[in-house]
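Asks: A single structure is presented below for examination.
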Amino acid sequence: MAVQVDAKQGYSAENLVPTKSWGQRISAIIPHLILIPYSLLALFPLFIIIVNSLKDRRDLFRTPYIPPLWFSFEDGFHFVYIFSSSGYQQVFERANVLLYFGNSIVVTSAALFLILLTGSMISFALSEYSFWGSRFLALYMALGIMIPIRLGTVSLIGIVRFLGLYNSLPALILVYAASGLPIAVFVLTEYMRQVPMELKDAARVDGASEYRILFTLVMPVIRPALATVLVFNMLPIWNGLWFPLTLAPNEKVRTVTLGLSAFAGQYKTDWTALLAALTLAMIPVLILYGIFSRQFISGLTRGAVK
Amino acid sequence: MRTTKRAHWHHLLIFIGPAVLIYSVFLALPLVDSLRLSLYSRVDGEVVFVGLQNFDKLLNNPFFSERFWGALKHNFAWFVLFMAIQNPVGLLLAALVSSPKLKGAAFYRTVIFTPTTMSIVIIGWAWTLMLNPLWGIVNDILNFFRLGAIIPSRGWLGSEDTALIVVILVGIWQYIGLPFVLFLASLTAIDEELIEAARVDGATGWSIFWRIKFPLILPTAGIVAILTFVGNFSAFDNVYVMQGSTAGPDYGTDLLGVFFYRTAFGTLGSVPDLYMGTTIATVMFGIILTGVLLYFFGIQQRLIRD
C-alpha cells in the first residue's frame, strides 16, 4: 500500500515539483541491487581471464585477483608489477593466429554478403511479383528457420566433397549463407512489402530496370532490415564451431573458433598460453561489441518485435 | 491495396535462382538426404537398404540404446533447467532494465548481453579453467560466501553428480542474453500510456507487471520457449568444449548432439558409423518437428487468441 500512495504523490496537483519520499528512493535502488551483482557475474569471468593472461604461470596461480600492475600497503606503499607477455609469445609462436583471423574475416564477410545479396533478390521477387508457386517458394524457404541444418551434416560432407570443396573456405561460406537465408528472406520480404508501390512504379515509368529498382531504390529504403539480418547472422557465423570442425578442419582453413579449440585441446596444461589464446579470441569481439552495442542490440530487438 | 506485377521469367530466374540454389544444395538437400541415409547401412563394405533396422538398433541394441536414452534424459534436463532458470531470470532482468526511470539502463543492457557475444569455445574454456580446483577461482568465491561445503571432492566437472548441472549452468550464463533481449524488446514496445493509466487507477508496480505487461509478452514467452526447445537439440559445443566428445564423466554430460557427432564422425577408439549417425539425426529431426508443430498449432494460437 505504501508504494501505491508514494507513486501517486509524484503526480498529484499539490506536488507539482515531485519530491521523492523514502519509499520512492528505496524502490529506485532495488533494481540496482539485482543488476549490479548480475553485471559483476557477467563480467567477472572475462575480467579474470584477461587479467591473468598478462602474468606468468607462477603469478597467475599465486595472485589471480589483482591486475598485472597494482599496489600494496604491506611494508609501506609500493607498486606491484607482475606483467608478463610470455603467454602471448607462445601463442604467436605455436599457432597461426593471423591466418585464423584472416579465415574468420573472409568466411564471415563473404557469407554475410551472400545472405544479404541473394536474400534481397529472392525477397524482392517474392514481395513484388505474383507468379506460379510463389507461396510454395516462401514456405520452402521458411522451413529452414526451425530445423537446425547441422542435422544434415553427414550428407552435407558428401555434397561438399562431391563439389571438391571439402577443407575449403567456400564450403563454410556457402553453408553459412544457406543457414542464414531463411530468416533473411522472412525479415526482408516483410519490410519490402511496406515499400510504397508508387515509388517503384514512378521509377519504372522513368525507365529504370527491375535490378536498378531493387538495388538503388528498395535496398536503401529497407536498410534497417538489412542491418537486422546482418546482426542476426554475424555472431553465429563468427563463433560457429560445428561446421569448421566437420567441413574444414585443415590447419590452413581454420577459423579463430576452431583454431582456439584445437590450440586449447593441445596445450590444456599450459595455462599462460591458454589464457593468452582465450584473450586474443575475446578482444576483437569485445571491442567491436563495445563500439556498436547500441546498434547491435537495436538490430536484434527490431528483428524480435517483427 | 497491394498490387503485384507479372514478372518476366528471366527476371524471376535471376532474382530467385541464386538463393534457391544455395539453400537447396547446402540446406534442404542434405537434410532430406540425411533422412534417406538413415534407411541404409554398410554391410560387408557395401551400402545396402535396411529399412528401419537402424532405428531398431538405436532403440533396442544396448550399445546404442543406453547412450540414446541417457542423452535424451540429459537433453530433457537441459530444457527444463533453461526454462526454469534462464528464461525467468532473463525476464526479470529485462523487466528491471526496461523501466523508463532506471539510471544506466544502456550500460546494464550492454553488459548482460556481453557473454552471449562470445563463442562457446572461449566461454567454455574460461569456465573450465575457473572451475579447475588447481586454480580454484570458483571455489575461492564459494569459500568467501561460506559455501565451501558444497565443493565436490572430484571437482565440479569430474563428479557425476555435478558435471551436467555445471555445464548447463555455464550455458545458461552465456545464453541468457537472448531471452533478455527478446523480453526487453516486447516490454519496451508496450504503450507507456497504458501503464500510466493503470498507475493513475492506483495499480502498483507489481500488479502492473503481472496484470498488464505479462499477458502482453506471453507470445514472446512462447517464442523463447520454442527457441529453447530447438536450441537444446543443437547443443553440442558446450559439452564438446568442456567435457570432450566422450561427454564425461562416464557419459554423464552426453547430449543427443554429442551422441550424433560421436557416432557419425567417431572419437578416440571408436569407428564412425555414418548411417547410425543419420539415424540419430533423423530421430532428433522428428523430436524438433513434433515440438515445433505442437507449438504452432497448439500453444501459439491460444496465446494469440487470448
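Asks: Please list A:221-231, A:180-190, B:57-67, A:160-170 highest first by mean number of surrounding beta-carbon atoms within 10 Å per residue.
Replies: The packing order, highest mean first, is A:180-190, A:221-231, A:160-170, B:57-67.
Asks: Residues with amide H under 5 Å of residue B:40's amide H, sequence separation 5 or more or different chain, H placed in the peptide plane at 1.01 Å from N; which?
Replies: Residues meeting the amide H criterion: B:50.
Asks: Taking amide H positions as placed in the peptide plane 1.01 Å from N, state which residues far from residue A:80 in sequence (5 or more) or on other chains have amide H under 5 Å from it.
Replies: Residues meeting the amide H criterion: A:70, A:71, A:72.
Asks: Determine ³J(HN,Hα), in whole Hz, for all residues of segment B:177-185 in sequence, where each value follows from phi through the Karplus function 6.51 cos²θ - 1.76 cosθ + 1.60 and θ = phi - 60°; x replaces Gly and Pro.
Replies: Working through the residues one at a time gives x, 5, x, 4, 5, 5, 5, 4, 4 Hz.
Asks: Right, here's the next one. How well do other chains shield peptide A:28-36, expressed as the mean number of their Cβ atoms within 10 Å of each residue Cβ?
Replies: 5
Asks: Leaving out ligands, DNA and RNA, what percent of the accessible area of segment A:89-305 is carbon and sulfur, probe 1.4 Å?
Replies: 66 percent
Asks: How would you classify chain A from its alpha-carbon gyration tensor, with a ≥ b ≥ c the square roots of the eigenvalues: rounded for a/c under 1.5, else prolate if a/b is greater than b/c, otherwise oblate?
Replies: In terms of gyration-tensor shape, oblate.
Asks: Under the 0.36 nm per residue contour assumption, what length would be gained going from the current alpha-carbon distance of residue B:140 and residue B:250 to full extension?
Replies: Value of the extension gain: 36.9 nm.
Asks: Place +1 on the Cβ of every Lys and Arg and -1 on the Cβ of every Asp and Glu in segment B:1-151, take the dipole about the Cα centre, and give the residue among B:48, B:112, B:143 whose Cα lies farthest towards its positive end.
Replies: Going by the charge dipole, the pick is B:112.
Asks: If I stretch the segment between residue B:192 and residue B:63 completely, what's the gain in nm (0.36 nm per residue apart, minus their alpha carbon distance), one decimal?
Replies: Stretched fully, the residue B:192-residue B:63 segment lengthens by 40.6 nm.
Asks: If you don't mind, another one. Which positions within segment A:125-146 get 50 Å² or more of their accessible surface covered by the other protein chains, compared to the chain by itself, with a 1.4 angstrom probe?
Replies: Residues meeting the cut-off: A:129, A:130, A:140, A:146.
Asks: What is the percent carbon and sulfur in the accessible area of segment B:53-305, measuring with a 1.4 Å probe over the protein chains and ignoring ligands?
Replies: On segment B:53-305, the fraction of accessible area on carbon and sulfur atoms equals 66 percent.
Asks: Based on the Cβ-Cβ distance of residue A:167 and residue B:46, what FRET efficiency does E = 1/(1 + (r/R0)^6) give at R0 = 25 Å, to the nearest 0.05?
Replies: Rounded to the nearest 0.05, the efficiency is 0.40.
Asks: Another question, then. In square angstrom, what is the accessible area per residue of segment B:72-149 with a 1.4 angstrom probe?
Replies: For segment B:72-149, the per-residue accessible area is 43 Å².
Asks: Determine, for each peptide in A:261-271, A:109-119, the mean count of other beta carbons within 10 angstrom over its residues, then list the peptides with the highest first.
Replies: The packing order, highest mean first, is A:109-119, A:261-271.
Asks: Peptide A:273-282: average number of partner chain Cβ atoms within 10 Å per residue?
Replies: Rounded to a whole number, the mean comes out at 3.
Asks: I need the phi-derived Karplus couplings for segment B:124-133: 6.51 cos²θ - 1.76 cosθ + 1.60, θ = phi - 60°, integer Hz, Gly and Pro marked x.
Replies: Listing the rounded values in order: x, 5, 4, 6, 4, 5, 5, 7, 4, x Hz.
Asks: Shifting gears a bit: Report the net charge of residues surrounding residue A:267, where surrounding means a beta-carbon distance below 14 angstrom and charges are Lys +1, Arg +1, Asp -1, Glu -1.
Replies: Local net charge: +1.
Asks: Okay, next question. Interface B/A, total buried accessible area with a 1.4 Å probe, nearest 100 Å²?
Replies: 8700 Å²
Asks: Right, another one. Tally Lys and Arg at +1 and Asp and Glu at -1 over the other residues with C-beta under 15 Å from the C-beta of residue B:282: what net charge comes out?
Replies: After counting each charged neighbour, the total is 0.
Asks: Under the definition of partner shielding as Cβ atoms of other protein chains within 10 Å of a residue Cβ, what is the mean value for peptide A:42-54?
Replies: Per residue, the average neighbour count from other chains is 4.
Asks: Tell me the label-point distance for the pair residue B:214, residue A:73, using the 7 Å Cα-to-Cβ offset, in nm and rounded to one decimal.
Replies: 4.8 nm
Asks: Another question, then. Averaged per residue, what accessible surface does segment A:89-305 expose to a 1.4 Å probe, in Å²?
Replies: That works out to 41 Å² per residue.
Asks: Another question, then. So, taking all protein chains as they sit and a 1.4 Å probe, how much accessible area belongs to residue B:223, in Å² rounded to tens?
Replies: Spelled out: residue B:223, probe radius 1.4 Å, area about 70 Å².
The values are calculated or read from the model by the stated rules, or taken from the named source; none is laboratory data. Because the structure is a prediction, the values reported are computed rather than measured. Quick reminder, even Gly has a Cβ in these numbers, built from the backbone with ideal geometry, and neighbours come from all protein chains shown. The area values use the complete protein model at the heavy-atom level, side chains included, leaving out ligands, DNA and RNA. Shrake-Rupley method; radii C 1.70, N 1.55, O 1.52, S 1.80 Å.
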